[in-house]
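Notes to accompany the following structure.
Since every read-out is calculated from the coordinates, none of them should be taken as a lab result. In this text, all values refer to a predicted model and were calculated from it rather than measured experimentally. Every residue, glycine among them, receives a Cβ derived from its backbone with ideal geometry; neighbour counts consider all protein chains shown.
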Amino acid sequence: MEKITQMNKEIFKKNLLKTLKELKQFKQLNYVNSKFLIMPIEEPGKVLDGRDQRMRLWALSEKNIGNRFLEIDEVVNLLGSQSPFVPIWIDVSFVEMKEDVAIFKLECSLRFRKPTLLRNAETGHAPFKAIL
């Protein structure tokens, strides 16, 4: 897979949906709706620039997202708000079913980077990686 050269909210959402489809097929999930928990991950030894610090202190603060179940558009608006800069990597895992709603956890880097630096390009849906 070649490096990603563009990123906007539309591409970001499309890539998240591809990742969910991969998880849905692998886990044989049957759901109508989905909700997301965002868990920012601090990476020891990695430097955060000014943009990263603003996102850490404001958008991705415990007060703003702690234990909140977000809709997909809320996730896209939050994590894609600085596009083309988005988290350099996002691990997506299935947590549980609550009636017909699938709950997914998004563990994401606090480092927001341009598209050419995103990880998980080999998945075809960078910066996302399905944790199977």
Straight-line reach check, residue 27, cutoff 17 Å on alpha carbons, 8 or more apart in-chain or any other chain, hits among aspartates and glutamates -> 91, 96, 99, 100
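If we count GluC sites (Glu not before Pro) as exposed when they sit in a DSSP loop and have at most 11 other beta carbons within 10 Å, what is the longest stretch of the chain that avoids them all? The partial results should precede the final answer.
Numbers: sites that count: 2, 42, 99.
The longest uninterrupted stretch comes out as 43-98.
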Filter 14/98; 24/98; 3/129 down to the pairs with a C-alpha to C-alpha distance above 20 Å, please.
14/98
Just grab the label-to-label distance for residue 71 and residue 117, each label 7 Å out from Cα along the Cβ direction, in nm (one decimal).
3.3
Computed [θ] at 222 nm, deg cm²/dmol, the chain (DSSP H ≥ 4; -39,500 (n - 2.57); rounded to nearest 500)
-7500 deg cm²/dmol
Mind checking which of 75, 86, 32 has the largest fluctuation in a GNM of the chain, springs on alpha carbons under 10 Å?
32
